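The values are calculated or read from the model by the stated rules, or taken from the named source; none is laboratory data. Values in this document were obtained by computation on a predicted structure and should not be read as measured data. Cβ: placed from backbone, ideal geometry, glycine included. Neighbour counts: every protein chain shown.
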Amino acid sequence: MPIHSSLAPVIFKRKSTRNYQSTAVSPEQMEAIRTFLEQLVPLYPDIPFHAEILDAADVRCVQPWKTPHFVAVSTLDTPEALINVGFLLQQLDLFIQSLGLGSCWVGLGRSRKPAPEGLTHAILMPFGVAAEPVWREDAAQFNRKLLAEIADKPDHRLECVRLAPSATNSQPWYFVHAGDDLHVYQVIQGPLKRMTLGKMNCIDMGIALCHLAVTCEGTFALRQLEDAPALDGYSYIGTVAAQ
Ligand SMILES: Cc1cc2nc3c(=O)[nH]c(=O)nc-3n(C[C@H](O)[C@H](O)[C@H](O)COP(=O)(O)O)c2cc1C
């Protein structure tokens, strides 16, 4: 899968930006973002995905966002479609930050415009000229689980997943080795958390898979195996072959 591997270094310094200037990004940068948006690589190519850049007047958010720019995404209301959204839009998050601009995933908001027929709103991503540093200085500034908490064995390939962003920093992923392949699991939240985090955690899983795809040096593929082992408290997402 031809994914944007040049973005790999951004994974190790990116962060959510919540403080913005109200100035618009330059026309050149906006053009680069629009072009990149058209070149996102899907995980599930057959699932419809609609992304558009909106002005602040076209979105409704719980938090105040000073930036004038938002990406609004709509898709099908299925776990696979939301995993696909995470996989696709994380490529944009990394690209925007590679330009020195800020961005943030936002579940607490939606577009005021109706989604295209058959699709539902999935997520927003405000982006723009930051009023704070857009990068972390080093990995110590990431507040994340340890590698031993997200996998059955040490594996340097998983550092990029460990640092991935997730809704409320919930980090819902777990990996089990099968030789060089990785069975991928998503934590099953309790009933209360499932109401707020259920859909967001599907997006998180797509973000994690995006980081794996961007950093693997050769091929990346996700397959569904009939005989993947069940893991108590987790649902099976698929098995990754990543060299
Ligand atoms: C699917 C998703 C939804 C999120 N929703 C919000 C949100 O509504 N508001 C917000 O301030 N941050 C939101 N975040 C950002 C997370 O809080 C943030 O990624 C996490 O705390 C890790 O911090 P970092 O991105 O700076 O590394 C969301 C992140 C994801 C992946």
Inset, instruction - Residue by residue through the range 202-241, note down the ones that are of a type outside the set (Ser, Thr, Tyr), in a loop (DSSP other than H, G, I, E, B) and more than 18 Å from the chain's Cα centre (by Cα). - result: 217, 218, 224, 225, 226, 227, 228, 229, 230, 231, 232, 233
Legend entry - Test: residue 128 is of a type in the set (Gly, Ala, Ser), more than 13 Å from the ligand (Cβ to nearest atom), within 30 Å of residue 21 (Cβ to Cβ) and surrounded by fewer than 15 Cβ atoms within 10 Å (Cβ to Cβ): no
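List the helices (runs of 4 or more DSSP H) inside the range 1-99, counting only whole elements, that have at least 1 residues being farther than 29 Å from residue 159 by Cα and touching a residue at least 24 places away in the same chain (Cβ under 8 Å).
27-37
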Inset, instruction - Might you check whether a residue that is at pLDDT below 95, in a loop (DSSP other than H, G, I, E, B), more than 10 Å from the ligand (Cβ to nearest atom) and of a type outside the set (Lys, Arg) occurs anywhere in the range 140-147? - result: no
